[in-house]
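Structure first, commentary second.
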Amino acid sequence: MSATAENTFDIVILGGGSGGYACALRAAELGLSVALVEKGKLGGTCLHLGCIPTKALLHAAEVADTAREGEQFGVKTTFESVDMSGVNAYKDEVVGRLYKGLQGLVKSKSIEYVEGSGRLVAKNTVEVAGRQLVGKNVVLATGSYAKSLPGLDIAGRIMTSEQALFLDFVPPRVVVLGGGVIGVEFASVFKSFGSEVTIIEALPRLVAAEDEAISKQLERSFRKRKISFKTGVKFAGATQSGDVVQVSLESGETIETDLLLVAVGRGPVTAGLGYEEAGVTVDRGFVMASERCQTNVEGIYAVGDIVPGLQLAHRGFAQGIFVAEQIAGLNPPVIDEMGIPRVTYCDPEIASIGYTETQAKEKFGEIETYDYNLGGNGKSQILGTQGFVKLVRQKDGPVVGVHMIGARMGEQIGEAQLIYNWEALPSDVAQLIHAHPTQNEALGEAHLALAGKPLHAHA
Ligand SMILES: Cc1cc2nc3c(=O)[nH]c(=O)nc-3n(C[C@H](O)[C@H](O)[C@H](O)COP(=O)(O)OP(=O)(O)OC[C@H]3O[C@@H](n4cnc5c(N)ncnc54)[C@H](O)[C@@H]3O)c2cc1C
């Protein structure tokens, strides 16, 4: 089949999730012709099965806790129950509104949106629904799927986040397999909704990618919230009978539960899509791409979760925009992976950027750290939350890591990312005035202390 003008584009993008649609929007803005191929729903995992619906659940969880804890603030509230049909209606409405907005945005940019399952059939061609779309450039953006473990079938009461987002009941008991970001977020939701929760994690600590101090504080807070967790333990298997799941550990221990949530990470969606046949280097399913998001095949780029690194929506957005600008000849600066902010929305929230203390020691040798306890922060005390802001700086140099934990601390990541990405010295930040009483002050106070002039800081 020869390429016709209506099937030829400057860019053909396979996958309409965060990475793919961001690339399409930016490319269209830059005057490039774009085809965007999507087999499911525009917006992908983040909008439909990830960031947005989980954060809606977490907000409902916060409302439940607020109702429970009113008395603590002198307000007489009682918590009755969680009505999952109401929670789901609220969540679906949020997703639906954003979905509609995104569809309108793509339509308004004269992007050729092609529905169907696409496949790379040549280095410049994606075949979809009997059409061959030829691109001067092709962008692979097919995202990721929820993994399981060998021998662990996802069915019935054994589920991944994908099914857990649509539960129509609150399970009395939940075992969460995996203490990473998705695992602790769901654990937090289930606990607030009234479930008895146990997290099982093979690594020695929860949220093991974070600074060790953050894991310790999260574990302390989860203990206080009566969320059980077992770290450094290996899962052996699970069996289901009726609505009950028996989870066994390698230690010989078994745990009976009403739901097993498998949150053991996400694998790349690349199998059977023709990538390797087109000559693209794929390693354990991931597409290998340079810091300029280029694969080893000229004209083929890759963005988002299929590229090894942080699996985050805003990384996908940034890479998508980057590739569109790269193709348009704007020569954008490469993305610093360490400069990508990370937020985990459990209660308490975790927000971090840059190097952990351990990573910084390895990378820079001599470093200094400072922990500012939220005990000295007025707004955090008003909210009744505990936690800290931890700074890591190169000795006599810029701040290279900011690690925060506490209710609502995710909102503080904006300033933290400026500090890291602009390579600020503690003294640069110390002279900026932070509004009182905000949690943002805690960031200011931590820098004041590290600059040698602490204010509300207890040694
Ligand atoms: C439970 C959960 C919570 C999360 N929370 C957050 C969060 O709070 N913040 C955050 O930053 N990130 C979060 N993430 C991660 C975020 O969702 C992903 O990093 C992001 O969606 C990756 O974007 P992507 O474009 O690479 O892939 P995806 O969003 O997965 O999009 C890929 C798209 O490609 C399509 N596709 C695949 N194969 C084909 C094909 N052959 N033909 C056509 N189309 C195809 C898929 O249908 C999909 O729409 C969360 C993820 C999960 C699962």
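Any chance you could count how many residues in the range 253-275 are open to solvent by less than 60 Å² (accessible area, probe 1.4 Å), away from the ligand (no atom under 16 Å from the Cβ) and assigned to a loop (DSSP other than H, G, I, E, B)?
Matching residues across the range 253-275 total 1.
Of the residues VAL12, VAL37, only one is near the ligand (Cβ under 6 Å from one of its atoms), open to solvent by less than 10 Å² (accessible area, probe 1.4 Å) and over 17 Å from the mean Cα position of the chain (by Cα); which?
Exactly one of VAL12, VAL37 is near the ligand (Cβ under 6 Å from one of its atoms), open to solvent by less than 10 Å² (accessible area, probe 1.4 Å) and over 17 Å from the mean Cα position of the chain (by Cα), namely VAL37.
Keeping to the range 283-313, report how many residues are among the acidic types (Asp, Glu) and either within 12 Å of the ligand (Cβ to nearest atom) or surrounded by 15 or more Cβ atoms within 10 Å (Cβ to Cβ) (or both).
Residues flagged as among the acidic types (Asp, Glu) and either within 12 Å of the ligand (Cβ to nearest atom) or surrounded by 15 or more Cβ atoms within 10 Å (Cβ to Cβ) (or both) within the range 283-313 amount to 1.
Out of all the residues in the range 238-252, which are in contact (Cβ under 8 Å) with a residue 24 or more places away in the chain and either closer than 30 Å to ALA407 by Cα or loosely packed, with under 14 Cβ neighbours inside 10 Å (or both)?
Answer for the range 238-252, where residues must be in contact (Cβ under 8 Å) with a residue 24 or more places away in the chain and either closer than 30 Å to ALA407 by Cα or loosely packed, with under 14 Cβ neighbours inside 10 Å (or both): ASP243, VAL244.
Output the qualifying pairs, or none if there are none: Cβ atoms under 6 angstrom, residues six or more apart or on different chains, first residue in the range 45-67 and at negative phi and open to solvent by less than 20 Å² (accessible area, probe 1.4 Å), second residue within 12 Å of the ligand (Cβ to nearest atom) and at pLDDT below 95.
Correct list of pairs: empty, since none qualify.
Could you say whether any residue in the range 358-366 is within 21 Å of the chain's Cα centre (by Cα), farther than 30 Å from ASP10 by Cα and either at pLDDT 95 or above or hydroxyl-bearing (Ser, Thr, Tyr) (or both)?
Yes.
What residue, of SER352, SER380, is surrounded by 23 or more Cβ atoms within 10 Å (Cβ to Cβ) and under 30 Å from GLY70 (Cβ atoms)?
After applying the criteria, what remains is SER380.
Is one or more of the residues making up the range 374-386 within 16 Å of the ligand (Cβ to nearest atom) and touching a strand residue (DSSP E or B) at 6+ places or on another chain (Cβ under 7 Å)?
Among the residues of the range 374-386, not one is within 16 Å of the ligand (Cβ to nearest atom) and touching a strand residue (DSSP E or B) at 6+ places or on another chain (Cβ under 7 Å), which makes the answer no.
Identify all residues within the range 98-119 that are of a type outside the set (D, E, K, R) and near the ligand (Cβ under 9 Å from one of its atoms); write none if there are none.
Once the filter is applied, which keeps residues that are of a type outside the set (D, E, K, R) and near the ligand (Cβ under 9 Å from one of its atoms), the range 98-119 yields VAL114, GLY116, SER117, GLY118.
Failed condition for THR54, given (1) within 11 Å of the ligand (Cβ to nearest atom); (2) farther than 28 Å from ALA407 by Cα, with all others met?
That leaves (2) as the condition not met.
Of all residues being crowded, with 18+ Cβ neighbours inside 10 Å and outside any strand (DSSP E or B) in the range 122-146, which is nearest to the ligand (Cβ to nearest atom)? Just the residue, please.
GLY143
Would you tally the residues in the range 172-202 being within 13 Å of the ligand (Cβ to nearest atom) and among the β-branched types (Val, Ile, Thr)?
So the count comes out to 5.
Quick check: anything in the range 416-427 open to solvent by less than 30 Å² (accessible area, probe 1.4 Å), farther than 18 Å from GLY339 by Cα and part of a loop (DSSP other than H, G, I, E, B)?
No, the range 416-427 contains no residue that is open to solvent by less than 30 Å² (accessible area, probe 1.4 Å), farther than 18 Å from GLY339 by Cα and part of a loop (DSSP other than H, G, I, E, B).
Does SER85 satisfy being part of a loop (DSSP other than H, G, I, E, B) and touching a residue at least 40 places away in the same chain (Cβ under 8 Å)?
no
Test GLU29 against the criterion of being open to solvent by 20 Å² or more (accessible area, probe 1.4 Å) and more than 30 Å from PHE322 (Cα to Cα), and give yes or no.
Here the answer is no, as GLU29 does not meet what is asked.
Counting only residues that are touching a helix residue (DSSP H, G or I) at 6+ places or on another chain (Cβ under 6 Å) and free of Cβ contacts under 8 Å to residues at least 60 places away in the same chain, which one in the range 88-97 is most open to solvent (accessible area, probe 1.4 Å)?
VAL94
Identify, by number, the condition in (1) assigned to a strand (DSSP E or B); (2) open to solvent by 20 Å² or more (accessible area, probe 1.4 Å) that ALA435 doesn't meet.
Here ALA435 clears every test but (1).
Please state which of the following conditions LYS230 fails to meet, knowing it meets all the rest: (1) assigned to a strand (DSSP E or B); (2) within 14 Å of the ligand (Cβ to nearest atom).
Answer for LYS230: the failing condition is (2).
Can you confirm whether VAL389 is in contact with a His (Cβ under 8 Å, 6 or more places away or on another chain), modelled with pLDDT of 95 or more and β-branched (Val, Ile, Thr)?
yes
If you scan the range 314-329, which residues turn out to be open to solvent by less than 10 Å² (accessible area, probe 1.4 Å) and more than 25 Å from SER352 (Cα to Cα)?
VAL323, ALA324
The values are calculated or read from the model by the stated rules, or taken from the named source; none is laboratory data. The structure presented is a predicted model; accordingly, all values stated were derived computationally and were not measured. Cβ coordinates were reconstructed from backbone atoms using ideal geometry, including for glycine residues, and neighbour counts include every protein chain displayed. When the accessible area is computed, the model is the full protein with side chains, heavy atoms only, and any ligands, DNA or RNA have been set aside. Shrake-Rupley method; radii C 1.70, N 1.55, O 1.52, S 1.80 Å.
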